[in-house]
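Report on the following structure.
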Amino acid sequence: MIYFDHASTTSPHPEVVRVYTKLLNASFANADSLHAPGRKVKQQMERSREKIAQMLHVKNDEIFFTSCASESNSLAIVGFALANQNRGKHILTSNVEHSSTKHAFDFLESVGFEIERLPIHEDGTIWPEDIQTHLKENTILVSIMHVNNEIGSINDIERFASIVHEHPFCQIHSDCVQSFGKIDVPFEKLDMATISAHKIHGLKGSALLVKKENVRLKPIVFGGQQEQGLRGGTENAPANIALAKTIRLALEEQEEAYYTAKEINSFLRKEVEFLGGHILSPANALPYILNISFDAITSEVLQNALDQKGICVSGKSTCDSKSKAESEVVLALGKSHKEAKHAIRLSFGKDNTMQEAKEFIQAIEEILKNYGLSI
């Protein structure tokens, strides 16, 4: 099997599996219990929070454990809007956000917030001057992803943060799910940021929200005192404890993995174009994600043909994969409806190799020939 779908999920690192398995048996107690086993688990979880904070260059009490990035995004966006609506109801985002962010804004819009969705440019990004131009007196939040999950375009969120912080009542959130562990993320400059464990060879059901001390949120999950009262429910202590190990490993392997992905990406761009395909990802996109299309083969047909050859890819964001609609992100780039219907996403991980990239190209050549297409 060739797995080119790491933007959807990654295999858990063996060391993370080892630690988590041990924790399941040794650290099963409720972290809020007052007895000794509960206190021990609480201490382990707080040590994990402290280690994560050190690695992300933020304070311990600015790390909030959640169940997934979708929850983190929802808490950051809906929780912030509800807590700060007395200051204004105008919010800026982009027109190509992840579905969790997009749906959070749809909800806020339905209850009276003004959501302005900025269009991306041909390079797949929002430009800093777009933020500057569209900020209003009643703008309370800017939420724009760091790296797009379909095309890999990289937004200059550090520059965004500088512009936002010149505004007296506005704060910034960024979905950093596709960037963390691959490129540096300026957590110290952001008011809120989301990362997910299963995108960096960690566990599903494990994520976090970085939230600075001065940011006010209302909880969206009710039930108890956990996570400073912002997230009710018994804490998934083993996953929260293992997250520190996941993050440390991802950061240690970041540089080497980046250059591997860059080499594979560069090779595939040239070969796909040689075969008559189109490169839909911008030239300066994150090398871990490559969106391509072929004129005569739709996304679904090409995915199925590759699947039969043991090659895993996606058509678009996995959260929208059941929809047969065109890729909204590809259309937002200014590409044609045909390209949007024919687009597939390749996404690479630390264990992918150049040999796999060559085998992918060989498979594409065979598929094109089977469909009677000249090469």
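The values are calculated or read from the model by the stated rules, or taken from the named source; none is laboratory data. Quick caveat: nothing in here was measured; it's all calculated off a predicted structure. Because the Cβ atoms are built from the backbone with ideal geometry, glycine has one as well, and the counts that use them run over all protein chains shown. Heads up: the accessible areas ignore ligands, DNA and RNA and are worked out on the full protein's heavy atoms, side chains in. Shrake-Rupley method; radii C 1.70, N 1.55, O 1.52, S 1.80 Å.
To the nearest 10 degrees, how steeply does helix 14-26 sit against the main Cα axis of the chain, on a 0 to 90 scale? Helix 14-26 sits roughly 30 degrees off the main axis of the chain. The protection proxy used here, the mean number of other Cβ atoms lying within 10 Å of each residue, ranks peptides 93-105, 119-131 as follows, highest first: 93-105, 119-131. Summary value for the chain: 22 percent relative contact order, contacts being C-alpha pairs under 8 angstrom separated by 6+ residues.
Of Lys245/Lys358; Lys102/Lys136; Lys51/Lys102; Lys270/Lys341; Lys40/Lys189, which pairs sit farther than 27 Å apart, going by alpha carbon to alpha carbon? As for pairs spanning more than 27 Å Cα to Cα, those are Lys245/Lys358; Lys51/Lys102; Lys40/Lys189. Shape verdict for region 1-103, please, from the Cα gyration tensor: rounded (a/c under 1.5), prolate (a/b greater than b/c) or oblate. Judged from the Cα gyration tensor, region 1-103 comes out oblate (a/c at least 1.5, b/c at or above a/b). Averaging Cα coordinates gives a centre for region 213-289 and one for region 107-181; these two points are 18 Å apart. Tally up the carbon and sulfur contribution to the accessible surface of region 1-149 as a whole percent, 1.4 Å probe, everything protein left in place. Of all accessible area on region 1-149, carbon and sulfur atoms account for 55 percent. Rounded if a/c is under 1.5, else prolate if a/b beats b/c, else oblate: with a ≥ b ≥ c from the C-alpha gyration tensor eigenvalues square-rooted, which is the chain? Judged from the Cα gyration tensor, the chain comes out oblate (a/c at least 1.5, b/c at or above a/b). For the chain, the per residue solvent-accessible surface stands at 43 Å², with DNA, RNA and ligands left out and a 1.4 Å probe. Dipole magnitude for region 235-375: about 280 debye, using +1 per Lys or Arg Cβ and -1 per Asp or Glu Cβ, origin at the Cα centre. Treating r as the C-beta distance of Leu82 and Asn370 and R0 as 45 Å, the FRET efficiency rounds to 0.25. By its C-alpha gyration tensor, with a ≥ b ≥ c as the square roots of the eigenvalues, how is region 170-254 shaped: rounded for a/c under 1.5, else prolate for a/b larger than b/c, else oblate? Taking the square roots of the gyration eigenvalues as a ≥ b ≥ c, region 170-254 is oblate. Using a cutoff of 8 angstrom between alpha carbon atoms and counting only pairs six or more residues apart, the relative contact order for region 1-131 works out to 14 percent. Packing here is the average count of other Cβ atoms within 10 Å per residue, and on that basis the peptides 180-187, 286-293, highest first, run 286-293, 180-187. For the peptides 82-90, 257-265, the ranking by mean Cβ contacts within 10 Å, running from highest to lowest, is 257-265, 82-90.
Ranking Leu243, Tyr371, Gly277 by how far each Cα lies toward the positive end of the dipole of the chain (charges on Cβ) leaves Leu243 at the top.
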